[in-house]
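See structure below.
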Amino acid sequence: MARSNTQTNTLIKWTVMLVDLLMLNGILILFRMWSPTLQTWSVGRTETLWVVCNLAMALSMWKFSTIIHLRMVSGGDILRKVFELTVTQTLIAYLIMKLIEVNRPIGWMLVDLGICQMLVMTVLRVLERLAIKQFRQLGMNTRTVTFVGDDSELSTLYTMLKGNPTLGYRVVGLYTNANPIAEQDEKDNKIPVFGTVSDLIEAVEREEPLTLGDELYVCLSRREREKVKILSDYCDRHVIRFYYVPISVEQLGMRLKRELYEDMELFTTYEVPLEYPMHKSLKRLFDLVMSLIVLIVGIPLLPIVALIIKIQSPGPVFFRQERTGYNGKNFLCYKFRSMRVNKDADKLQATENDPRKFPFGNFMRKYNIDELPQFWNVFKGDMSVVGPRPHMLYHTEKYSQLIERYMVRHFVKPGITGWAQVTGYRGETRELWQMEKRVKQDIWYIENWTIWLDLRIIWMTFRTMVVHDKKAY
């Protein structure tokens, strides 16, 4: 199975690279037809450009080949590869053409070609990603997984694997003493329990034939290192990928860097990426550009939305509420009012069939239209496009006392959308564990921020607006 998956992944990779080359030549044909500069070139000079561009693309692919076939890869990583590939290809083509004809101006034409190529390739990657997702949903190019352990971290991992069909993982079974997945999600508890952890260890020691699939995820305490070592050695002998998942009480909840001091393993803390001035400036510039575009485009919608709100529900057009922001300071957050004026607005979250919502308000919440005024907050600097969602003051006071690292989420500016929202933790939090999961996702975002991650979250948010998120109420 593993060898078959590897061969299929290689086939996907080479197919995507072939499509990229066909796309480049298609763009060159269009440029030859429409570019005033190329129309004045001789046939020989045009053919030279053709060969140079294809050579530059091939060399760029050697260094920045596509990673879309990989499982544990984000949309941001794929987008970064597209950027690196097209920039490198443009530079190589420019240098080669200058060596051939040093005095001929060609730089801006190659820049135009590179921009077109980047835009088309980005669209292709989206379509290719969807195709791979459908391919894996049909049960092809999948990897089978077995879980070992009792901890709730396995439930979190199961939710992640199940919630992203693009990864192509299928959980075949579980060795556990107390099924953590059944405890958390009874509706989706379709995973067979093969036995206890001790049953598995005994079977391994007796060298009994086992069907563990392509990958084994072991979530045991470090005090049970002998069992972990036995399972790791078994995986090595049978060409099974082994992964160790720390149990929840042993996770420090910190971003740590692994270092070796002779034979001893040590860990040291990272700095939060957005503490760097360059990263802060880049994120702020991105926020300003995005907020200006949305505000300018949204101006014509304002009177229409305001009129419908006034007709369906007397009261102000905008809903203004104090929320907790950067460094724990409060700010005034703006939204289009989607509920009738009520005394519980500062305490109660919206529910699926909330009687406070009026029809158009329900529609706005469903498609996130009510959040558009928050781009004014972004422009002012109170918020960012992407970041942990700002909570009402009542919830900040409540959950900061119940969740140990709750206030860490305020080390960066709050966002209109965030990592927690696009990974399934948006909407109403009826139970404490739901808010704990949301906070955990927010902290992960803070510790792993990149501009590519922000772009990925924006894309995932846009996708939920097209394919409706059931928790959007």
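Numerical summary
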item	result
Thr461 being in a helix (DSSP H, G or I), in contact with a strand residue (DSSP E or B) (Cβ under 7 Å, 6 or more places away or on another chain) and farther than 18 Å from Lys329 by Cα	yes
Leading residue by the ranking (farthest from the chain's Cα centre (by Cα)) among those in region 91-108 that are part of a helix (DSSP H, G or I), surrounded by fewer than 17 Cβ atoms within 10 Å (Cβ to Cβ) and hydrophobic (A, V, I, L, M, F, W, C)	Ile100
Yes/no for Thr88 being surrounded by 17 or more Cβ atoms within 10 Å (Cβ to Cβ), at negative phi and outside any helix (DSSP H, G or I)	no
Which numbered condition Leu130 misses (of (1) free of Cβ contacts under 8 Å to residues at least 12 places away in the same chain; (2) exposed (fewer than 14 other Cβ atoms within 10 Å of the Cβ); (3) more than 30 Å from Met160 (Cα to Cα))	(3)
Residue within region 158-169 that is in a helix (DSSP H, G or I), modelled with pLDDT under 80, over 24 Å from the mean Cα position of the chain (by Cα) and not basic (Lys, Arg) present	no
Residues of region 26-48 satisfying the condition of being of a type in the set (Phe, Trp, Tyr) and either loosely packed, with under 11 Cβ neighbours inside 10 Å or under 24 Å from Leu119 (Cα atoms) (or both)	Phe31, Trp34
Test result for Leu79, at pLDDT 85 or above and either farther than 26 Å from Asp454 by Cα or open to solvent by 30 Å² or more (accessible area, probe 1.4 Å) (or both)	no
Filter result for Phe379 (open to solvent by 40 Å² or more (accessible area, probe 1.4 Å), free of Cβ contacts under 8 Å to residues at least 24 places away in the same chain and of a type in the set (A, V, I, L, M, F, W, C))	no
Single residue of Gly114, Gly149 found to be of a type in the set (Gly, Ala, Ser), modelled with pLDDT of 80 or more, open to solvent by less than 50 Å² (accessible area, probe 1.4 Å) and over 24 Å from Lys13 (Cβ atoms)	Gly149
Failed item, numbered, when Asp442 is tested on (1) of a type in the set (Asp, Glu); (2) part of a loop (DSSP other than H, G, I, E, B); (3) open to solvent by less than 50 Å² (accessible area, probe 1.4 Å)	(2)
Hits in region 192-224 - residues which are at negative phi and either loosely packed, with under 12 Cβ neighbours inside 10 Å or of a type in the set (S, T, N, Q) (or both)	Pro192, Thr196, Ser198, Glu205, Arg206, Glu208, Pro209, Thr211, Ser221, Arg222, Arg223
Enumeration of residues in region 279-324 that are among the polar types (S, T, N, Q) and outside any loop (DSSP other than H, G, I, E, B)	Ser281, Ser291, Gln312, Gln321, Thr324
Test: residue in region 256-274 that is at pLDDT 90 or above and of a type in the set (Ser, Thr, Tyr)	no
Long-range neighbours under 9 Å by Cβ, at least six apart or interchain, first residue over 20 Å from Ala56 (Cβ atoms) within region 28-43, second modelled with pLDDT of 80 or more	Gln39/Arg32; Gln39/Met33
Considering residues of region 170-188 that are open to solvent by 60 Å² or more (accessible area, probe 1.4 Å) and not charged (D, E, K, R) only, the residue modelled with the lowest pLDDT	Gln184
Close pairs (7 angstrom Cβ cut-off, 6 or more residues apart or separate chains): in contact (Cβ under 8 Å) with a residue 12 or more places away in the chain in region 82-109, polar (S, T, N, Q) and open to solvent by 40 Å² or more (accessible area, probe 1.4 Å) anywhere	Val82/Thr122; Ile100/Thr48; Met109/Thr37
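The values are calculated or read from the model by the stated rules, or taken from the named source; none is laboratory data. All values reported here derive from a predicted model rather than from experimental measurement. Using ideal geometry, Cβ is built from the backbone for each residue, glycine included, and neighbour counts are taken over all protein chains shown. All accessible areas refer to the heavy atoms of the entire protein, side chains included, with ligands and DNA or RNA removed. Shrake-Rupley method; radii C 1.70, N 1.55, O 1.52, S 1.80 Å.
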